[in-house]
Amino acid sequence: MIIKLFFVGLSFAFFYHSLNGIRHLMWDIGKGFETNQLKISGALVVTGAILFACLFWLKIMGLL
């Protein structure tokens, strides 16, 4: 059970890191620095990482 939890956390970290990298690329071109845009993009990164991790594990378990 601990190992499964570790891999679920690892997959979340992977997706979070990937999505946050896209967010940083947008910052590199000068977009998304306003306060409301920062809050929205941060929430999207966390929500997207959770969603992608869930979909990934559903696919692995054969439920999707």
Could you look at the chain and say what percent of its accessible area is carbon and sulfur, using a 1.4 Å probe and all protein chains? 77
The chain: relative contact order in percent, alpha carbon pairs under 8 Å with at least 6 residues between: 44
Does anyone have the angle between helix 35-60 and the longest principal axis of the chain? Alpha-carbon axes, 0 to 90°, nearest 10? 20
Eligible lysines near residue 39 by straight Cα distance, threshold 17 Å, same-chain separation 8 or greater: 31
At most 15 other Cβ atoms within 10 Å and a DSSP loop assignment: could you name the trypsin sites (Lys or Arg not before Pro) in the range 1-63 that fit? 31
For the chain, count the residues as N, evaluate 2.2 N^0.38 Å, and divide the Cα radius of gyration by that value, please. 1.32
Between residue 1 and residue 18, what is the spin-label point distance in nm, taking each point 7 Å from the Cα along the Cα→C-beta axis? 2.9
Heavy-atom surface of the chain, accessible at 1.4 Å and reported per residue (Å²): 80
For the range 16-58, state which chymotrypsin sites (Phe, Trp or Tyr not before Pro) are in a DSSP loop and have at most 12 other beta carbons lying within 10 Å of their beta carbon. 33
Quick calc: nm separation of the 7 Å Cα→Cβ label points for residue 44 and residue 31 -> 0.9
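The values are calculated or read from the model by the stated rules, or taken from the named source; none is laboratory data. All values reported here derive from a predicted model rather than from experimental measurement. Heads up, the Cβs are rebuilt from the backbone with ideal geometry, glycines too, and the neighbour counts pull from every protein chain shown. Ligands, DNA and RNA are excluded from the accessible area calculation, which covers all protein heavy atoms including side chains. Shrake-Rupley method; radii C 1.70, N 1.55, O 1.52, S 1.80 Å.
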